[in-house]
Each structure stands twice: as C-alpha cells, then as structure tokens.
1. Set the Förster distance to 35 Å, then compute FRET efficiency between residue 27 and residue 269 from the Cβ-Cβ distance, nearest 0.05.
2. Using amide H atoms built 1.01 Å from N in the peptide plane, name the residues 5+ places from residue 129, or on other chains, whose amide H lies under 5 Å from its own.
3. Quick one: Karplus J couplings for segment 56-64, per residue in order, coefficients 6.51, -1.76, 1.60, θ = phi - 60°, nearest Hz, x for Gly and Pro?
4. Note down the relative contact order for segment 59-153 as a percent, whole number, built from C-alpha pairs under 8 angstrom at least six residues apart.
5. Write out the GluC sites (Glu not before Pro) in segment 229-267 meeting two conditions: DSSP loop, and at most 11 other Cβ atoms within 10 Å of their Cβ.
6. Evaluate the relative contact order of segment 4-198 (contact order divided by residue number), counting alpha-carbon pairs under 8 angstrom at least 6 apart; express in whole percent.
7. Volume per residue, Å³, of the convex hull around the alpha-carbon atoms of segment 150-268?
8. Which whole-Hz couplings ³J(HN,Hα) result when phi for each residue of segment 95-109 is put into the Karplus expression 6.51 cos²θ - 1.76 cosθ + 1.60, θ = phi - 60°, listed in order with x for Gly and Pro?
Amino acid sequence: MTLKIENHQLVGDLVSHRSTPNHGGIMAPGYLIFHYTAGRSVEGSVQSLCTRKPRGNASAHVVLGRDGQIVQLAPFNVVTWHAGVSQWAGLVGLNSHSIGIEMDNAGLLKKVGNQYQAWFGKAYPDDEVTLAAHRNGGPVSPWHAYTEAQIERAIELAELLVEHYDLQDVLGHEDIAPDRKIDPGPAFPLAAVRSRVIGREEDEPARYVVTASSLNIRKGPDASFERVAAALKNGTEVLLLEARDRWSLVEVIADPEIEGWVSNAYITAHSARGVAAPRFSVAGPASTDPTFASVNSGKQKKGGKGKKARRHG
C-alpha cells in the first residue's frame, strides 16, 4: 500500500501513530526539514519525543526507522519542536513553517581504538560507517550510515509531503541552523534527495552580480575556508548554483572553471530567469553574526586614488 495523507495523518504500510504532547498550534507548512535522532533506536527516540520534560522538550512530525517504518507523532499541520533557533529565506523560527522528519541514526561517531562509537557508547561495524567531511566545514569524520531502505522511504515520504502541501523546499537542520547543528550530516544524500523530490534540474541558473569592490570566493560556505581564486571584482557576473541563507555557491560566467562560495551580502540579482532570486536576510546579521565577523575583517588591497578597498568574504 503506497503512502497517502488523510486529514493530515499518514496512512500506509509500516506506518504507526503516537501522540506527542510537545507541540504548538496549527500551521501551514512551507518547508520539509530532515534531521537525525542521534539515538539508539526508533523506540527510544519516539519515547523521548513523546515525553514531557521540565525543560528542553523536543518533537517532530515523524520518526523514520532504518527498516523503513514510520511513526507519526503529530498531524502535519501542527507545529512541532524540531527546528529550534533557526532561519531560512527571511523566516525566523522554522518550527512554525516546516514539517520535521527525524531519521533513526546515531549521527557523528568517534574512533575509539579500532572501533567507531556513538556518544552513548555503542560501537558500529565498518560497513555502517561513512567517512566524510561536513559540507559546512570540519575534518573528515566518521558518521553512522543510513540504510538504503531508509533513504528510499525518505524520498517516498518527501515526494508525498511536497506534493500534498506544495512545500517550497527540502532542507536539513544543518541548513537552517548552521552555527549549531550538523544533521542529517554527510552520510545522508540530501542534495540528491532534494533534486529528486523538488525536480528543478531543468531550471536555468539565476544571474547575479558582485556589488563589493572585492569579493573572496571560497571552497566552502564560511569565511574560514580557503579561497579558490583571486577575489572577484565589482561587477563580476556569476551564475547561482546553490543558495543558502548567508552564502551561495556560484560559477563565474566569464570563467566557468571558477566555482565557489560567496557571501550573499555582496551579490545582487542581475537578470534572474528560471528560478526566483533567493530572499537573503542579510540586514543585521552582517554585523552581528560570527559568520560575518570574519567577512568584514578580511584582508585589504590597494584601491583607486590612494584609498584601500575592503575585500569581502
């Protein structure tokens, strides 16, 4: 039996329901957010998300097991507490704007002797471990692998939710809270899942132009990453390949070999076609957020008429 939604409840094979007390009011979801549980099992995670605690209560709409089983904890039009402090596309607090999927996965592991262990002490065999660097930065690390059944079920569920609720995008917790969250992590093929679910491959990339006097282009979405080429000059045109809340992956139109990440504060839409210009929220955080602090204190180079031009990003 294929999955379907009736009165905001999931119906289908390997689907069960529990009721969490950790929820808010009615909402109209606009986004789908993937997480990992960092827990021992589906049962343990469901129990935790359905328990009212003195503080630090969390929940999600569904928990997705490694065998493909789904446990729904709240109707899809009810606010659950899965996103925490978060922002995306001008929205602050994604709990009130998104559906949360928690996937049964131990998350980031650590090497102890010749074993890979979770934070709770359980060891995992090598065939359940993925070695990768997180796309938001950091060294190559061991991560608990997702199962094929889990990934396929995630795609099936995401396709249904996006179609039923006309969701705008499929994201990870690491996208909406990059300063504090790393899930679902590099072991989950989020980009491939998003591409399959959203289906935007046919769209023509939007064209943007550099507004800073000099803008660094980097290997990753943070000022700590190395530069991939010389700083881009004011007026340089780029194609937008991937947009995040504060950084974007771009390709230089005049030299397609140059591809990297730039700060959204210093590019603006030039002649966007095919996709809408992302709604960057750069007012305020540009001067107060630690992500931008290093941007605004970048190296300087000589500018015209004896002045020094600031290099951004």
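Derivation of every value follows stated rules applied to the coordinates shown; laboratory data play no part. Computed from a predicted structure; not experimentally measured. Please note: Cβ atoms are built from the backbone with ideal geometry, for glycine as well, and neighbour counts cover all protein chains shown.
1. Numbers: r = 29 Å, r/R0 = 0.84.
With a Förster radius of 35 Å, E is 0.75.
2. Result for residue 129 returns 145.
3. Values per residue, Gly and Pro as x: x, 6, 9, 6, 7, 7, 9, 10, 10 Hz.
4. On the way: 160 pairs, mean separation 24.1, N = 95.
Computed value for segment 59-153: 25 percent relative contact order.
5. Values: sites: 237, 242, 251, 257, 259; in loops: 257.
Here the GluC sites (Glu not before Pro) that fit, given the DSSP loop and packing criteria, are 257.
6. So the answer I get is 24 percent.
7. On the way: hull volume 14.6 nm³, N = 119.
Taking the convex hull of the Cα positions in segment 150-268, it is 123 Å³ per residue.
8. 3, 7, 9, 8, 9, x, 10, 9, 9, 5, 6, 6, x, 5, 9
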